[in-house]
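Colleague: Supplied in structure tokens, the structure appears directly below.
The values are calculated or read from the model by the stated rules, or taken from the named source; none is laboratory data. Fair warning: this is a prediction, and the values are worked out from it, not measured in the lab. Every residue, glycine among them, receives a Cβ derived from its backbone with ideal geometry; neighbour counts consider all protein chains shown. Note: areas computed on protein heavy atoms with side chains; ligands, DNA, RNA excluded. Shrake-Rupley method; radii C 1.70, N 1.55, O 1.52, S 1.80 Å.
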Amino acid sequence: MKPLRVQVAEAARRLHASGWVANHDGNVTARDGARFLATPTATSKRLVGERDLIEVDAKGVVQGHGKVFGEIGLHLVVYERRPDVGCVVHAHPPHATGISASRGNPIERPFIAEALVSLGPRIPKLPYAQPGDAARAALAPWCELVDAVLLGNHGVIAWGADPEQAMLRLELVEHLARIAIAALPLGGVDPLPEAAIAPLLAARAKANIGRAADRAVATAAQLLGEAPGAVVACAPAPHSPVPTIPPGGRPAELATIVREEIVRALRQT
Ligand SMILES: [Zn+2]
């Protein structure tokens, strides 16, 4: 296994080599104990070497020398909410960014099985938000549900256990965007049939990917588009550390939705 610094620098250069960034766009971070390695600001990803990486703490304060990029808060909110995540990547891949900057989102619902297992039940497109608190607040509810998000009029952010997995997910989002755009003259992509969704979500949970299906307790409200304050409980996967909210605990607030019902609701929203 290569040192983490080398993996991060290689991922940064891969963003540029893949054509997913221009100018100084894009950034990569990785969890390194209690600190985070980050690509430097105002630098082409083509030029990032392992010695150029910046170290920051959990609040984004630079430890040592250098200047971190302005979007570090987006990365930190993912790490805060996903202890299993070791790397976050952000870029502006042309096809996925084209979708992020246009009306509609043809990749929102899974239309091939691998996408659902690797990225979660949905690839949400967040509305445009100013960098900073607004952007972090928009991203936060999705961190535990999915592994990649389209940032409205901006680009893509994806995460994974390590740089390789995070980059594969970013690559998959861009690939799905290309497929969806290729399908437009044919009438557009057709999402997977409803009956296929539940087994694939179960496969995702069984593979312990993303923790999304396991951890869809309170935050499932956002996924389902329900009113704020609703509490949703579902049965976690057998290995999940998440406790199930006991039915009847707070009957006025509590709606118990089994996984199949979540899937049905997803298809209807
Ligand atoms: Zn950006």
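Colleague: Checking LEU74 against (1) within 16 Å of the ligand (Cβ to nearest atom); (2) part of a strand (DSSP E or B); (3) touching a Lys or Arg at 6+ places or on another chain (Cβ under 7 Å), only one condition comes out false. Which one?
Modeller: (2)
Colleague: Filter segment 43-59 down to residues that are more than 16 Å from the ligand (Cβ to nearest atom) and assigned to a loop (DSSP other than H, G, I, E, B) and give me whichever is farthest from the chain's Cα centre (by Cα).
Modeller: GLY49
Colleague: For segment 129-157, which residues satisfy the criterion of being within 13 Å of the ligand (Cβ to nearest atom), open to solvent by 50 Å² or more (accessible area, probe 1.4 Å) and modelled with pLDDT under 95?
Modeller: Within segment 129-157, GLN130, PRO131 meet the criteria.
Colleague: Please go through segment 77-103 and give me each residue that is within 14 Å of the ligand (Cβ to nearest atom), in contact with a strand residue (DSSP E or B) (Cβ under 8 Å, 6 or more places away or on another chain) and either over 21 Å from LEU126 (Cα atoms) or of a type in the set (A, V, I, L, M, F, W, C) (or both), ordered by number. Break it down into steps so the answer makes sense when it comes.
Modeller: Just the residues of segment 77-103 that are within 14 Å of the ligand (Cβ to nearest atom), to begin with: 88-94, 96-97, 100-101.
From what is left, the residues that are in contact with a strand residue (DSSP E or B) (Cβ under 8 Å, 6 or more places away or on another chain) are 88-93, 96-97, 100.
Hits for segment 77-103 are VAL88, VAL89, ALA91, ALA96.
Colleague: Among the residues of segment 81-98, which ones are more than 13 Å from the chain's Cα centre (by Cα) and open to solvent by 10 Å² or more (accessible area, probe 1.4 Å)?
Modeller: Within segment 81-98, PRO83, HIS92, PRO94, HIS95, THR97, GLY98 qualify.
Colleague: Can I ask one more? Which condition number in (1) of a type in the set (D, E, K, R); (2) in contact with a helix residue (DSSP H, G or I) (Cβ under 7 Å, 6 or more places away or on another chain); (3) not in a helix (DSSP H, G or I) is the one that ARG109 fails?
Modeller: Tallying (1) of a type in the set (D, E, K, R); (2) in contact with a helix residue (DSSP H, G or I) (Cβ under 7 Å, 6 or more places away or on another chain); (3) not in a helix (DSSP H, G or I), ARG109 fails exactly one: (2).
Colleague: Which of the numbered conditions does ALA11 fail, given that it passes all the others? Conditions: (1) under 21 Å from VAL85 (Cα atoms); (2) surrounded by 15 or more Cβ atoms within 10 Å (Cβ to Cβ); (3) among the hydrophobic types (A, V, I, L, M, F, W, C); (4) touching a Leu at 6+ places or on another chain (Cβ under 8 Å).
Modeller: (4)
Colleague: Could you count how many residues in segment 19-41 are within 13 Å of the ligand (Cβ to nearest atom), hydrophobic (A, V, I, L, M, F, W, C) and farther than 11 Å from VAL8 by Cβ?
Modeller: The number of residues fulfilling the criteria is 3.
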